[in-house]
Amino acid sequence: YEELSVINEDSAFGGCDLEVLEDCFMRARRALHENGALVTDKDYEDGLRKTPGLMIENCRVIYPNTPALRQMTEKHRMTIVVKPFSFEKHPRLTPQYSKNIALWLEERRMVGTDIQLVSPEYLRLNVFVECKGRNNYIFDRAAIVKALDRYFAPFASDFGKVISQSEVYEILDRLEAVELMEALSMDVAGNHVERSLGGDIILPPNGLLSPEDIHYNININ
């Protein structure tokens, strides 16, 4: 069938023009300045977020702040806490999820560095507020709840944050609905939670607040 020929009468579409020499040199120059190796904490965090096929809400390289947590980490071990993106109440790493991340990081990690992946520890928070409300202010409790929700929202995804007693007190004291703050106390239930001398609550490096487990007890006089 040497006499047969095929003709495509439709217009071609898609594709791209041939790469010109100048673009080739620019691409090579960018490649020389790109480092695919994982060295710093940020390298590991950025590299982990790029794991193909996985949706990751947040991750962080963590270091122990208590003797109990130091048992989790060893010399030449990089411990990374990972919160998968999920609509579940307390998303955690599954064996297959961890395996996919480990395979992705394996070729990029430093020789001799062991990577340990851990799930977040979800903590429960109780807040007690006692204040004097302004006269004829109808939405006093709703305003207090809204202000507290806004303050604690980042604690659901940012690991190891510090809950400042003075910041929460000041936020509530400045509300129009509040005439006078009389008492404020907060308590977090979970492992490795610490308190500073000033009353601030120091969450563990892998700790997050669970929005469903934040409870307010508000007493307005």
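The values are calculated or read from the model by the stated rules, or taken from the named source; none is laboratory data. Fair warning: this is a prediction, and the values are worked out from it, not measured in the lab. Glycine gets a Cβ as well: all are built from the backbone with ideal geometry, and neighbour counts include every protein chain shown. Calculation scope for accessible area: heavy atoms of the full protein, side chains included, ligands and nucleic acids excluded. Shrake-Rupley method; radii C 1.70, N 1.55, O 1.52, S 1.80 Å.
Pull out all pairs, ordered by first then second residue, where Cβ-Cβ is under 6 Å, the residues are six or more apart or on different chains, the first lies in region 156-182 and is modelled with pLDDT under 90, and the second is among the hydroxyl-bearing types (Ser, Thr, Tyr).
Ala177/Tyr137
In region 95-130, what count of residues is obtained for those that are in a helix (DSSP H, G or I) and among the small types (Gly, Ala, Ser)?
Count: 2.
Only one of these conditions is not met by Pro67: (1) modelled with pLDDT under 80; (2) more than 24 Å from Pro205 (Cβ to Cβ). Which number is it?
Condition (2) is where Pro67 drops out.
Cβ-Cβ distance below 8 Å, separation of 6 or more or different chains: which pairs start in region 50-75 with a residue that is open to solvent by 90 Å² or more (accessible area, probe 1.4 Å) and end on one that is at pLDDT below 55?
Tyr63/Thr73
Given the criterion over 20 Å from Lys83 (Cα atoms) and open to solvent by 100 Å² or more (accessible area, probe 1.4 Å), identify the matching residue among Asp23, Asp10.
So the residue among Asp23, Asp10 that is over 20 Å from Lys83 (Cα atoms) and open to solvent by 100 Å² or more (accessible area, probe 1.4 Å) is Asp10.
Assess whether Asp149 counts as being under 30 Å from Tyr63 (Cα atoms) and either of a type in the set (Val, Ile, Thr) or open to solvent by 20 Å² or more (accessible area, probe 1.4 Å) (or both).
yes
Consider Ala142 carefully, then state whether it is surrounded by 12 or more Cβ atoms within 10 Å (Cβ to Cβ) and more than 19 Å from the chain's Cα centre (by Cα).
So Ala142 fails the test.
State yes or no: is Asn135 open to solvent by 50 Å² or more (accessible area, probe 1.4 Å) and either within 21 Å of Ile62 (Cα to Cα) or in a strand (DSSP E or B) (or both)? Step through it out loud before you land on a result.
Details: open to solvent by 50 Å² or more (accessible area, probe 1.4 Å): yes; either within 21 Å of Ile62 (Cα to Cα) or in a strand (DSSP E or B) (or both): no.
No: the conditions fail for Asn135.
For region 165-197, which positions are under 26 Å from Val81 (Cβ atoms), part of a loop (DSSP other than H, G, I, E, B) and open to solvent by 60 Å² or more (accessible area, probe 1.4 Å)?
Asn191, His192
Within region 153-164, can one find any residue that is more than 22 Å from Phe87 (Cα to Cα) and out of contact with any Gly (no Cβ under 9 Å at 6 or more places or on another chain)?
yes
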